[in-house]
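Step one of this worksheet: look at the structure below.
The values are calculated or read from the model by the stated rules, or taken from the named source; none is laboratory data. Just so you know, these numbers come straight off a predicted model, no measurement behind them. Cβ atoms come from the backbone with ideal geometry, glycine included; neighbour counts cover every protein chain shown. The accessibility values were calculated without ligands, DNA or RNA, using every heavy atom of the protein model including side chains. Shrake-Rupley method; radii C 1.70, N 1.55, O 1.52, S 1.80 Å.
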Amino acid sequence: FYRLSAHLDERTYAACAGHLQDLLCQECSPYAAHLYDAEDPSTPVRTIPGLCQDYCMQVWQSCRSIFRSLSADPELIALENNMAKFCRYLSLEDTDYCFPHLLANQNLNQNLGLVTADAEGCLQLCLVEVANGLRNPVAMVHANDGTHRFFIAEQVGLVWTYLPDGSRLEKPFLNISEAVLTSPWEGDERGFLCIVFHPKFKFNGKVYVYYSVEVRYEERIRISEFRISPTDMNTLDHGSERIILEIEEPASNHNGGELLFGEDEYLYIFTGDGGMAGDPFGTFGNAQNKSALLGKVLRIDVNNNDRGPLYRIPPDNPFISDPAARPEVYAYGVRNMWRCSFDRGDPQTKEGKGRLFCGDVGQNKYEEVDIVEKGKNYGWRAREGFSCYDKKLCTNSSLDDVLPIYAYPHKMGKSVTGGYVYRGCESPNLNGLYIFGDFMSGRLMSLKEDRATGEWQYSEICMGTGQTCMFPGLINNYYQYIISFAEDEAGELYFLSTGVPSATAPRGVVYKVVDTSRRAPPGKCRVEPSPVKVKSKRIPFVPKEKFIMKTPTPNPRLRTTTEAPWGGVPDPRTPRTPAVDGAGRAPPRPGDRARAPTAAAPEPGKGAEKRGQRRKKKPPVNGAVRLMRQGRRGRGRGRVEVFVDGEWGTVCDDGWSLPAAAVVCRQLGFPYAVRATKKAEFGAGTSLRILLDDVQCSGQERTLLECSHADVGTHNCSHEEDAGVECSREEVTDW
């Protein structure tokens with residue numbers, strides 16, 4: 001507009017600049033496809049939007065010269081001096097859509113700009129796939145340093161760097177998988193649970209992580225500090241770790257797992273109540289005991305800690321003068337908060353800025369969403385949601401607990417995953433909407449505050465049907481097990497889910513949330529990332545998920561999945577499409593992610609503790625592998641044994657190569673294969689049959705059974721030729 005209007009003289013500008021701007025802006029109209037005849041591929045796209053006759057005549061009489069700057073169409077220019085023919089050429093067959101009358105057409109505009117909802121009021125949104133092939137992606141964060149990189153953490157203890165163009169760097173940002181305590185079993189809540197960048201990371205290079213460890217047979221949660229590598233801005237210095245805080249975990253579940261920095265630049269730590277059922281520790285449980293660090297929101301000061309103590313207590317912490325309380329405690333009475341976030345505030349008014357939202361996973365009946373405030377008690381174990389859990393504690397007048405802003409029963413879902421208040425630029429209708437989910441049922445949900453009453457109104461979120469998501473790059477389905485939510489540096493919203501909730505199953509996908517009902521004007525949300533010096537190989541992103549034209553019948557009943565055997569490859573799950581039945585059952589996730597049913601799950605409130613239970617092993621699936629060395633399981637190296645049709649057997653080394661070793665290592669959760677060994681280097685499996693021979697792989701297969709091989713059990717070798725592998729968490733370079 002400014003480029004074209006600069007050529008207008010003063011008189012023409014005064015009379016015609018408004019018309020020029022109106023005509024240019026129709027390219028961004030919700031009805032641009034109609035205005036420019038872009039819907040019919042057999043006709044050329046117009047250079048001028050379709051105009052109503054009266055408006056065209058008005059513009060022609062006083063401003064016809066502007067059309068030459070808008071269009072080089074020779075037919076239009078030839079008609080310039082004949083008003084009737086000129087305006088007939090610019091007219092539309094469907095006069096309902098001509099400009100500017102369509103702006104006043106009530107039938108066209110009554111729902112324009114509103115988030116599309118189906119007949120049941122379910123908000124219809126769409127997704128963009130941004131990352132895949134991840135093993136239980138538990139967190140996605142940004143560095144807030146202007147680079148617009150994002151970093152995705154896997155439960156096994158690896159963090160990957162993604163660049164603004166969507167590519168991933170081959171070298172991990174962080175790899176502490178050898179120290180992290182977790183396992184391949186579905187529902188293991190231990191592992192690498194969170195990562196956060198210091199607000200002044202751009203200047204001090206500090207990053208903080210939250211993970212499970214075992215120290216002298218004692219399970220702990222550990223909060224550590226790392227520094228960026230002095231030679232690579234996309235890698236942490238693994239030797240720089242300093243342990244800020246460790247807390248003993250009495251059970252293997254309810255590990256909490258959130259780290260956040262507030263506007264005050266203090267570090268907030270969210271711990272679980274210690275595990276088992278009903279917080280049975282002490283007289284009132286850990287959560288109500290202010291002298292315990294479990295079941296709390298902690299707040300500490302890690303600024304300027306290069307000398308002196310590793311952390312200090314903020315002077316305004318609420319219990320700093322209470323001798324019976326730990327000074328780190330900021331809020332208490334929480335069960336197992338899983339995913340919390342600070343509200344960035346309204347982009348214009350900053351209303352809501354600094355509010356701290358958390359999803360707190362419930363026991364047997366209710367899941368809840370809280371707004372956490374300093375010094376407040378959030379009720380567990382006295383209360384679960386709005387309901388009394390421990391009736392004796394619940395009637396205690398001194399409890400003075402804060403009720404959640406929203407709670408939902410287990411018929412809707414059994415394990416809340418906290419989300420974010422949307423404050424991004426690209427989908428303005430979502431502004432102020434708190435979007436969260438449920439791991440067990442796979443529901444996406446939203447809350448909107450009624451500013452007049454202070455109450456929060458609930459709306460379910462569905463994947464768009466019909467033409468809602470029929471745009472290039474958009475999809476309308478996702479994997480069910482919603483592990484986490486995230487914001488990028490620009491404030492756009494994402495969520496992380498998986499088809500198989502095992503720390504070693506590469507079924508995790510990251511999705512960006514998109515509202516197609518109203519997009520920001522072109523160029524408004526453009527960002528200019530700061531340059532990133534890359535030393536590692538870039539791996540281009542290749543999307544795998546597809547748009548589903550015909551969605552299934554709403555509310556399907558979800559089937560229970562089985563746990564992943566050691567080294568096995570679970571059956572892939574299909575992506576989730578619109579709504580699910582709240583009665584559907586599913587396995588739990590890391591970080592206190594709900595009940596682990598074996599067959600049919602008990603009804604809410606009738607079963608045993610839903611987290612942390614040990615289950616009997618299920619038979620391995622076909623193609624599962626294990627490594628054996630000296631009669632025991634090998635950790636990362638050993639003789640390859642494969643499970644086929646109910647029995648374990650060995651693999652002959654005829655044709656055995658590094659790509660085949662890569663398939664085995666990836667099944668076992670290792671990103672790299674160092675060697676493909678032959679001649680029974682790790683011992684002969686003489687007690688087993690030789691099941692596979694002449695195995696030849698490309699390296700992309702999911703199991704050895706997908707590789708080329710001789711018939712199962714057919715071979716021309718002995719156990720002296722048993723194949724083996726050596727795997728690694730890190731890339732090994734020959735010097």
Given the range 481-599, what strands (runs of 3 or more DSSP E) lie entirely inside it while holding 3 or more residues that are farther than 24 Å from E368 by Cα and at pLDDT 95 or above?
-> 508-514
D694, sole failed condition from (1) in a loop (DSSP other than H, G, I, E, B); (2) under 30 Å from L158 (Cβ atoms); (3) open to solvent by 40 Å² or more (accessible area, probe 1.4 Å) | (2)
Just wondering, is there one or more residues in the range 28-45 that are charged (D, E, K, R), free of Cβ contacts under 8 Å to residues at least 40 places away in the same chain, part of a helix (DSSP H, G or I) and surrounded by fewer than 14 Cβ atoms within 10 Å (Cβ to Cβ)?
-> no
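Restricting to the range 390-418, name every residue that is small (G, A, S), without any contact (Cβ under 8 Å) to a residue 60 or more places away in the chain and within 9 Å of E367 (Cα to Cα).
Hit for the range 390-418 is A407, nothing else.
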Candidates A17, A84, filtered to the one that is farther than 30 Å from E426 by Cα and either among the charged types (D, E, K, R) or part of a helix (DSSP H, G or I) (or both) | A84
Please state which of the following conditions A673 fails to meet, knowing it meets all the rest: (1) open to solvent by less than 10 Å² (accessible area, probe 1.4 Å); (2) under 30 Å from the mean Cα position of the chain (by Cα).
-> (1)
For the range 409-427, how many residues are open to solvent by less than 10 Å² (accessible area, probe 1.4 Å) and touching a Ser or Thr at 6+ places or on another chain (Cβ under 6 Å)?
-> 1
Could you tell me which numbered condition N304 fails, if it satisfies all but one of (1) touching a residue at least 24 places away in the same chain (Cβ under 8 Å); (2) at positive phi; (3) out of contact with any Pro (no Cβ under 8 Å at 6 or more places or on another chain); (4) not small (G, A, S)?
-> (1)
Of all residues in the range 524-540 being within 11 Å of P164 (Cβ to Cβ) and of a type in the set (A, V, I, L, M, F, W, C), the one that is least open to solvent (accessible area, probe 1.4 Å) | V532
Of all residues in the range 162-193 being hydroxyl-bearing (S, T, Y) and either touching a Ser or Thr at 6+ places or on another chain (Cβ under 6 Å) or assigned to a loop (DSSP other than H, G, I, E, B) (or both), which is most open to solvent (accessible area, probe 1.4 Å)?
-> T182
Restricting attention to the range 657-690, and to residues there that are hydrophobic (A, V, I, L, M, F, W, C), more than 22 Å from T504 (Cβ to Cβ) and out of contact with any helix residue (DSSP H, G or I) (no Cβ under 6 Å at 6 or more places or on another chain), which single residue is modelled with the lowest pLDDT?
-> L688
In the set R639, R611, which member is modelled with pLDDT under 90 and not small (G, A, S)?
-> R611
